[in-house]
Amino acid sequence: MAGSAAVLEDGSLISRLDRKLLQLEQVFALLSGLAVFSLMLLAVISVGGRNTMNAPLPGYVDWIEQAMPLIAFMGIAYVQRDGGHIRMDIVIGALRGRGLWLFELISVLMMLVLMLALVWGSWAHFERSFDFSAPLWSRDSSIDIGLPIWPAKLLAPVAFSVLVLRLFLQVWGYGRALMLGLEAPVAVPLIQDAAEQAAAEAEQLSGHDDDAIGGRR
């Protein structure tokens, strides 16, 4: 098991599936970060071109629109895995044992129902935009330079589907903890007090320092 990590691990099936899904979530989160970095570069190019040659980047707003789903949706499953979304920690922190796992299970089930509806709705929205017989397979396009919009619309159901998989795992984890009366279940985010959070941050920083020293050697 991980020492002071928010998500514990062991050799069970649910923990192995958790780690496999985490690899996909990390790739999606990386894509989201690269999208943010790309928008920063586009902003520099656009502003630089406007100031030096009076020629801003064509379709700058169109590219921003295309990148927004990457930024907004691709990292949500990764954040859910670590319990990083907005939570009522003051209320949840007062619960213990099966009461805590029941509260968490109900919360995750409500999120799961919502996300299943969003997957269905966002996929239908993508289908209205995609057409094999249309130019660039798109029934609609951006206003300025005519970028097809269906790739951006496809990102929403894909990212939401990964989140659905994460929520299914967490339903399993909390349900297992509730049934077995576990104190520290695996594959679900556990609430950390201030001391545990400080220890985790110190361990992370120590690992970065060790990597830096090893690199200088």
| request: Could you look at segment 138-180 and say what percent of its accessible area is carbon and sulfur, using a 1.4 Å probe and all protein chains? | output: 72
| said: Once ligands and nucleic acids are excluded and a 1.4 Å probe is used, how much of MET110 is accessible, expressed in Å² to the nearest 10? | reply: 130
| task | Give me the percent of the accessible area of segment 36-112 that comes from carbon and sulfur atoms, probe 1.4 Å, all protein chains in place. | result | 73
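Going by accessible area, probe 1.4 Å, with all protein chains left in place, what is the ranking of LYS153, LYS20, largest first? Spell out each step's value before the answer.
Numbers: LYS153 40, LYS20 140 Å².
Of LYS153, LYS20, the descending order of accessible area is LYS20, LYS153.
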| request: Take the alpha-carbon centre of segment 85-125, take the same for segment 1-66, and report the distance between them in whole Å. | output: 24
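Rounded, prolate or oblate, given the Cα gyration tensor of segment 52-127, with a/c below 1.5 counting as rounded? Please list the in-between numbers first.
Working: a/c = 5.32, a/b = 2.15, b/c = 2.47.
In terms of gyration-tensor shape, oblate.
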| Got a number for the accessible area of SER133? Probe 1.4 Å, square angstrom, nearest 10. | 100
| field | Radius 9 Å from Cβ of LEU169, net charge of other residues (Lys, Arg +1; Asp, Glu -1) | value | +1
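Sorted by accessible area with a 1.4 angstrom probe, largest first, how do TYR174, TYR78 fall?
TYR78, TYR174
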| task | State to the nearest 20 debye the size of the charge dipole of segment 50-178 about its Cα centre, where the only charges are +1 on K and R beta carbons and -1 on D and E beta carbons. | result | 540
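Could you calculate the FRET efficiency of PHE132 with LEU34 from 1/(1 + (r/R0)^6), where r is the beta carbon distance between them and R0 is 30 Å, rounded to 0.05? Mind dumping the intermediate values first?
Details: r = 29 Å, r/R0 = 0.96.
The computed FRET efficiency comes out at 0.55.
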| field | Per-residue SASA entry for TRP63, accessible area with 1.4 Å probe, Å² rounded to 10 | value | 110
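The values are calculated or read from the model by the stated rules, or taken from the named source; none is laboratory data. This is a predicted model, so every value here is computed, not measured. FYI the Cβ positions are ideal-geometry reconstructions off the backbone, even for glycines, and counts take in every protein chain you see. With ligands, DNA and RNA removed, areas are computed over all heavy atoms of the protein, side chains included. Shrake-Rupley method; radii C 1.70, N 1.55, O 1.52, S 1.80 Å.
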